[in-house]
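J.: Here it is: the structure, laid out below.
The values are calculated or read from the model by the stated rules, or taken from the named source; none is laboratory data. None of these values were measured; they are calculated from a predicted model. Don't worry about glycine lacking a Cβ; one is built from the backbone with ideal geometry, like all the others, and counts go over all protein chains shown.
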2 protein chains.
Amino acid sequence: MKANIPNVKKKRVVIIGGGFGGLKLAEKISTKNYQVVLIDKNNYHQFQPLFYQVATAGLEPSSIVFPFRKIFHDQDDFHFRLGEVLRINEEENTIDTTIGLITFDYLVIASGADTNFFGNKNIEQFSYPMKSIQEALSLRNTLFQHFEDAINTANLKEREKLLTIVVVGGGPTGVEVAGTLAEMKSHILPKDYPDMDFTQMKIVLLEGAPRVLNAMDNVSCVKAEKYLEDLGVEVKTGVRVLDYDGEEVFIKGEESIFTKTLIWSAGVKGNLLEGLNEKVYIQGGRIQVDRFNLVESSNKNIYAIGDVAAMIKEEYPRGHPQMAQPAIQQGLNLAKNLNRIIEGKPLKEFSYKNLGSMATIGRNKAVVELPSYKFQGFFAWVVWLVVHLKSILGVKNKFIVLINWIWNYVTYNLSLRLIIKPNERSK
Amino acid sequence: MKANIPNVKKKRVVIIGGGFGGLKLAEKISTKNYQVVLIDKNNYHQFQPLFYQVATAGLEPSSIVFPFRKIFHDQDDFHFRLGEVLRINEEENTIDTTIGLITFDYLVIASGADTNFFGNKNIEQFSYPMKSIQEALSLRNTLFQHFEDAINTANLKEREKLLTIVVVGGGPTGVEVAGTLAEMKSHILPKDYPDMDFTQMKIVLLEGAPRVLNAMDNVSCVKAEKYLEDLGVEVKTGVRVLDYDGEEVFIKGEESIFTKTLIWSAGVKGNLLEGLNEKVYIQGGRIQVDRFNLVESSNKNIYAIGDVAAMIKEEYPRGHPQMAQPAIQQGLNLAKNLNRIIEGKPLKEFSYKNLGSMATIGRNKAVVELPSYKFQGFFAWVVWLVVHLKSILGVKNKFIVLINWIWNYVTYNLSLRLIIKPNERSK
């Protein structure tokens, strides 16, 4: 069965995945030159850096996701399709998808990365990752269900497991979620559950590297750890999690920790697609590409960008960091190059401009590293807010997020502590 | 197993369900006099009158639901419990619940009403009701999934089924959802799906009574039908739906209609609880109560209020209308009476003050009936907006709903057209 996409004379660019990279590419490619087909398993773009606020009841999903069809209202010959890619057929220039066969002239793989459980099936089964809005919602439901369970149990051991939250992985996501949970413990939960003793509640952050935010400069790491400890988070670095059975976290050479909530943000791996020559994959399931994001083994018409792609350079021996900026910049460069192909102009190599990195730990607490300047504290926190607000798509979404942030800042009271469970009837 | 609720010397009032009636009761009962336990299967109060806006992507769930724990932050000796009631044990003064046994001195059944499929298992299986926020979300997902399916099929018969939406039941919910869908068809969908011919899209409203909004005055019914038809809704009154197999709606004495989306808002029935003497139930699964909302067969300590209760009076031979106002007023009256019991004062009979009824059909289009005055059109629509906004709990929620409404009014563009599917990991 063929997917139902109009046939036109222009060449067709098929983009797999509408994350930061795929979206930027789709926006900037000229639909005078190309017919653009974007296929994604969701009908919306997700703003990943704020998933942790959805998981901790600070923002609604709709504030940080945006329907593709609305983004592309004004673009002719752009075709969004909701579906999953099953296989790439390099030789035939087609992909098999859940909505049928799609032919392409150029294919861009922008399928992103998913949680890496490093082969541990128990952790995969029992832990809570945060790599999609659904997972963030699922974590939100679980957190509040566990508080409800805790207040209704007279068994102290059981209550301890319900009130202990272990976060594995001290990257920005882990740090941000641990900090937010600590603030919730101080400001909100005692009001919501006046009968419960929240001194029993523990938030533990486990990191394998010697420091949290290990990709950042030492001054940021030290400050971030101090902020976390000030908030009451137990930070343990240089530890290795061995296993988790849904109740107990086993740690190499240390006492295990009892918890019913293990949040797993310890790593990512590329979202693999069947059909590509296996030689293109390198460590972490990333697809090796050349300086133009081309997958070299292909018929010179398959590209990969963003988290799933690895462009090996001297400064980036394992590929660029798996964050929004490299994906956005690669999407933009590739869009320009595809336009240049039609215009007969020479292509430009990708060159990454590091705009810096940042993480927020809590109210008035963040660390920011710009290329020329590192700073922490209140001003860093304001910069974090402004940068993230600016990056959210859509004026209304920006406005709603801003109101939520102001509200939460003033009242200390996120009001989205809802357990909205899936409905079986949902198709 | 006993549920874990502190034992105090005061008498305990257990309220089943935090809808309009249960919530008002819980708010107004004096916790100086009583320990109050509210049990609900959700951790939030739901504002039912706006479910249809969630289903049609106009509002986020969080704008119209509100966590119980937050509502009762400042109330001592109030205990919310998340759980479902399995059985009432009249003789023992206890209820069995999913979180254990709960004893009561007074029990108030405020469990509301659910969709009535009138015994038709097919309709129950294949249609989409709208009596909970989960069902509204499920309908939202389905609507937009069907549009995605429609654009990807080349089969015209299949596309017809996907683009036809049948609403059964011409009460306020049915009228409101049909009107909103018609506006979406005109203003939004052609922009989202530029390749699809939306003249093929049909919205049909089926009602068994001779008029839509049959509980209202004739002038309102006629106007509402005209508004619907102006918007392009096919209104068929006096028709009886016999069956539905997921693809075809069978109608008595008429041609059947092919559709994959049947929205069922044709009636409600009381949410039954096991254990009560069966004699208390009357038509529609409602519990007959006396003028004080007492279930007479009980040991004079079980009450029922709201949709699930039926207080038979001359003006209301089948009980009060199953809407917010009777529930709220009964909750308030019962709270006062329970306080009077402790104070040794005589109880007051319930007396319903009809504040009127209203329904909105679309932009600038509504019908309003106040006790003394009936009007339609733009002014009615403004009154509808103000009354509903005023009734939503919480300043922030009011504000967010208002922004969404203004935004939608100005831009014609609801931006929540998201298919957020349940996550299996959710517990």
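J.: Grab the strands (runs of 3 or more DSSP E) fully contained in segment B:12-97, keeping just those with 2 or more residues being within 12 Å of chain A (Cβ to nearest Cβ) and more than 30 Å from B:His187 (Cα to Cα). Break it down stepwise before answering.
T.: Working: elements: B:34-40, B:44-46, B:65-67, B:78-82, B:85-89, B:94-97.
Answer list for segment B:12-97: B:34-40, B:44-46, B:65-67, B:78-82.
J.: Could you list, in sequence order, the residues of segment B:150-161 that are within 29 Å of A:Ser62 (Cα to Cα) and either within 12 Å of another protein chain (Cβ to nearest Cβ) or in a strand (DSSP E or B) (or both)? Please lay out each step first, then the result.
T.: Looking only at segment B:150-161, we keep the residues that are within 29 Å of A:Ser62 (Cα to Cα), and these are B:150-153, B:159, B:161.
Matches in segment B:150-161: B:Ala150, B:Ile151, B:Asn152, B:Thr153, B:Arg159.
J.: Right, here's the next one. Considering only residues that are of a type outside the set (D, E, K, R) and assigned to a loop (DSSP other than H, G, I, E, B), look in segment A:327-346 and name the one that is modelled with the highest pLDDT.
T.: Within segment A:327-346, the first condition is being of a type outside the set (D, E, K, R), and the residues that meet it are A:327-335, A:337-339, A:341-342, A:344, A:346.
Subsequent filtering for residues that are assigned to a loop (DSSP other than H, G, I, E, B) retains A:344, A:346.
Numbers: A:Gly344: 94, A:Pro346: 97.
Ranking the qualifying residues of segment A:327-346, first place goes to A:Pro346.
J.: Still on this structure, please answer the following. Restricting attention to segment B:359-368, does a residue exist that is within 11 Å of chain A (Cβ to nearest Cβ), outside any strand (DSSP E or B) and free of Cβ contacts under 8 Å to residues at least 60 places away in the same chain? If you could, list the steps in order and put the result at the bottom.
T.: Step one: list which residues in segment B:359-368 are within 11 Å of chain A (Cβ to nearest Cβ), which gives none.
Within segment B:359-368, not a single residue is within 11 Å of chain A (Cβ to nearest Cβ), outside any strand (DSSP E or B) and free of Cβ contacts under 8 Å to residues at least 60 places away in the same chain.
J.: For segment B:222-261, give me each residue that is free of Cβ contacts under 8 Å to residues at least 60 places away in the same chain and surrounded by 21 or more Cβ atoms within 10 Å (Cβ to Cβ).
T.: B:Glu225, B:Val233
J.: Same structure, new question: Out of A:Val65, A:Val85, which single residue is at pLDDT below 95, outside the structural domain of A:Thr164 (by TED's automatic domain parsing) and touching a Leu at 6+ places or on another chain (Cβ under 7 Å)?
T.: On the way: A:Val85 fails: at pLDDT below 95.
The match here is A:Val65.
J.: Something else: Return the residue satisfying two criteria in turn: it lies in segment A:290-340 and is among the small types (Gly, Ala, Ser) and within 18 Å of A:Ile15 (Cβ to Cβ), and of such residues it is farthest from the chain's Cα centre (by Cα). Steps first, please.
T.: Within segment A:290-340, the first condition is being among the small types (Gly, Ala, Ser), and the residues that meet it are A:297-298, A:304, A:306, A:309-310, A:319, A:324, A:327, A:331, A:335.
Subsequent filtering for residues that are within 18 Å of A:Ile15 (Cβ to Cβ) retains A:298, A:304, A:306, A:309, A:324, A:327, A:331, A:335.
Numbers: A:Ser298: 28, A:Ala304: 18, A:Gly306: 12, A:Ala309: 15, A:Ala324: 9, A:Ala327: 12, A:Gly331: 17, A:Ala335: 23 Å.
Across segment A:290-340, the extreme among qualifying residues is A:Ser298.
J.: For segment B:207-221, enumerate the residues that are at negative phi and surrounded by 21 or more Cβ atoms within 10 Å (Cβ to Cβ).
T.: From segment B:207-221, those at negative phi are B:207-212, B:214-221; that's our starting set.
The answer is B:Glu207, B:Val212, B:Met216, B:Ser220, B:Cys221.
J.: With the condition kept exactly as written, say whether any residue in segment A:10-17 is of a type in the set (D, E, K, R), in contact with a Leu (Cβ under 7 Å, 6 or more places away or on another chain) and at pLDDT 95 or above.
T.: Initial filter on segment A:10-17 (of a type in the set (D, E, K, R)): A:10-12.
Next, only the ones that are in contact with a Leu (Cβ under 7 Å, 6 or more places away or on another chain) stay: none.
No: zero hits.
J.: To continue, here is another question. If you check A:Val308 against the conditions, is it free of Cβ contacts under 8 Å to residues at least 60 places away in the same chain and among the β-branched types (Val, Ile, Thr)?
T.: Values: free of Cβ contacts under 8 Å to residues at least 60 places away in the same chain: no; among the β-branched types (Val, Ile, Thr): yes.
The answer is no for A:Val308.
J.: Something else about it: Of the residues that make up segment B:196-205, is at least one of a type in the set (S, T, N, Q) and either surrounded by 20 or more Cβ atoms within 10 Å (Cβ to Cβ) or within 14 Å of chain A (Cβ to nearest Cβ) (or both)?
T.: Step one: of segment B:196-205, the residues of a type in the set (S, T, N, Q) are B:199-200.
From the residues that got through so far, the ones that are either surrounded by 20 or more Cβ atoms within 10 Å (Cβ to Cβ) or within 14 Å of chain A (Cβ to nearest Cβ) (or both) too are none.
No, the conditions are met nowhere in segment B:196-205.
J.: On the given criteria, is B:Glu92 assigned by TED's automatic domain parsing to the domain that holds B:Ile16 and without any contact (Cβ under 8 Å) to a residue 12 or more places away in the chain? First the steps, then the outcome.
T.: Working: assigned by TED's automatic domain parsing to the domain that holds B:Ile16: yes; without any contact (Cβ under 8 Å) to a residue 12 or more places away in the chain: yes.
Criteria met by B:Glu92.
Yes/no per residue for (1) in a helix (DSSP H, G or I); (2) among the polar types (S, T, N, Q); (3) in the same structural domain as B:Thr199 (by TED's automatic domain parsing):
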{"site": "B:Cys221", "(1), (2), (3)": "yes, no, yes"}
{"site": "B:Lys236", "(1), (2), (3)": "no, no, yes"}
{"site": "B:Pro317", "(1), (2), (3)": "no, no, no"}
{"site": "B:Pro321", "(1), (2), (3)": "no, no, no"}
{"site": "B:Gln325", "(1), (2), (3)": "yes, yes, no"}
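J.: Since B:Gly284 meets every condition but one in (1) outside the structural domain of B:Val175 (by TED's automatic domain parsing); (2) outside any helix (DSSP H, G or I); (3) surrounded by fewer than 18 Cβ atoms within 10 Å (Cβ to Cβ), which condition does it not meet?
T.: (2) is the only condition that B:Gly284 fails.
J.: Of the residues that make up segment B:256-275, is at least one in a strand (DSSP E or B) and over 21 Å from the mean Cα position of the chain (by Cα)? Before the answer, list the steps.
T.: Here is the first cut: in segment B:256-275, the residues in a strand (DSSP E or B) are B:257-258, B:261-264, B:268-270.
Pick out the ones that are also over 21 Å from the mean Cα position of the chain (by Cα) and you get B:257-258.
So far as segment B:256-275 goes, yes, one or more of its residues are in a strand (DSSP E or B) and over 21 Å from the mean Cα position of the chain (by Cα).
J.: Here's another thing I want to ask about it. Go through (1) touching a strand residue (DSSP E or B) at 6+ places or on another chain (Cβ under 8 Å); (2) part of a loop (DSSP other than H, G, I, E, B); (3) not assigned by TED's automatic domain parsing to the domain that holds A:Val65; (4) not basic (Lys, Arg) for A:Ser351 and report which single condition fails.
T.: Looking at each condition in turn, A:Ser351 falls short on (1).
J.: If B:Gly362 satisfies every condition in (1) buried (at least 18 other Cβ atoms within 10 Å of the Cβ); (2) closer than 30 Å to B:His73 by Cβ but one, which is the exception?
T.: Tallying (1) buried (at least 18 other Cβ atoms within 10 Å of the Cβ); (2) closer than 30 Å to B:His73 by Cβ, B:Gly362 fails exactly one: (2).
J.: If you take the residues in segment A:107-149 that are small (Gly, Ala, Ser) and crowded, with 23+ Cβ neighbours inside 10 Å, which one is nearest to the other protein chains (Cβ to nearest Cβ)? Can you show your working first?
T.: Restricting attention to segment A:107-149, the residues satisfying the condition of being small (Gly, Ala, Ser) are A:110-113, A:119, A:127, A:132, A:136, A:138.
Next cut, crowded, with 23+ Cβ neighbours inside 10 Å only: A:110-112, A:127, A:136, A:138.
Values: A:Ala110: 20, A:Ser111: 18, A:Gly112: 17, A:Ser127: 9, A:Ala136: 9, A:Ser138: 4 Å.
Among those that are small (Gly, Ala, Ser) and crowded, with 23+ Cβ neighbours inside 10 Å, it is A:Ser138.
J.: When only residues in segment A:1-56 that are among the small types (Gly, Ala, Ser) and within 17 Å of the chain's Cα centre (by Cα) count, which is nearest to A:Ile406 (Cα to Cα)? Walk me through it before giving the result.
T.: Initial filter on segment A:1-56 (among the small types (Gly, Ala, Ser)): A:3, A:17-19, A:21-22, A:26, A:30, A:55.
Those still in the list that are within 17 Å of the chain's Cα centre (by Cα) too: A:17-19, A:21-22, A:55.
Details: A:Gly17: 33, A:Gly18: 30, A:Gly19: 28, A:Gly21: 30, A:Gly22: 32, A:Ala55: 18 Å.
Per the stated criteria, the residue is A:Ala55.
J.: What number of residues within segment B:316-342 satisfy the criterion of being among the charged types (D, E, K, R) and in contact (Cβ under 8 Å) with a residue 12 or more places away in the chain?
T.: Within segment B:316-342, the first condition is being among the charged types (D, E, K, R), and the residues that meet it are B:318, B:336, B:340.
Okay, now just the ones that are also in contact (Cβ under 8 Å) with a residue 12 or more places away in the chain, so B:318, B:336.
Selection size over segment B:316-342: 2.
J.: Is it the case that A:Lys374 is within 30 Å of A:Ala182 (Cα to Cα), away from chain B (no Cβ under 14 Å), in contact (Cβ under 8 Å) with a residue 12 or more places away in the chain and over 22 Å from the mean Cα position of the chain (by Cα)?
T.: On the way: within 30 Å of A:Ala182 (Cα to Cα): yes; away from chain B (no Cβ under 14 Å): yes; in contact (Cβ under 8 Å) with a residue 12 or more places away in the chain: yes; over 22 Å from the mean Cα position of the chain (by Cα): yes.
Here the answer is yes, as A:Lys374 does meet what is asked.
J.: Please go through segment A:98-149 and pick out each residue that is of a type in the set (Gly, Ala, Ser) and not in a loop (DSSP other than H, G, I, E, B). Spell out the reasoning first.
T.: Just the residues of segment A:98-149 that are of a type in the set (Gly, Ala, Ser), to begin with: A:100, A:110-113, A:119, A:127, A:132, A:136, A:138.
Within segment A:98-149, A:Gly100, A:Ala113, A:Ala136, A:Ser138 qualify.
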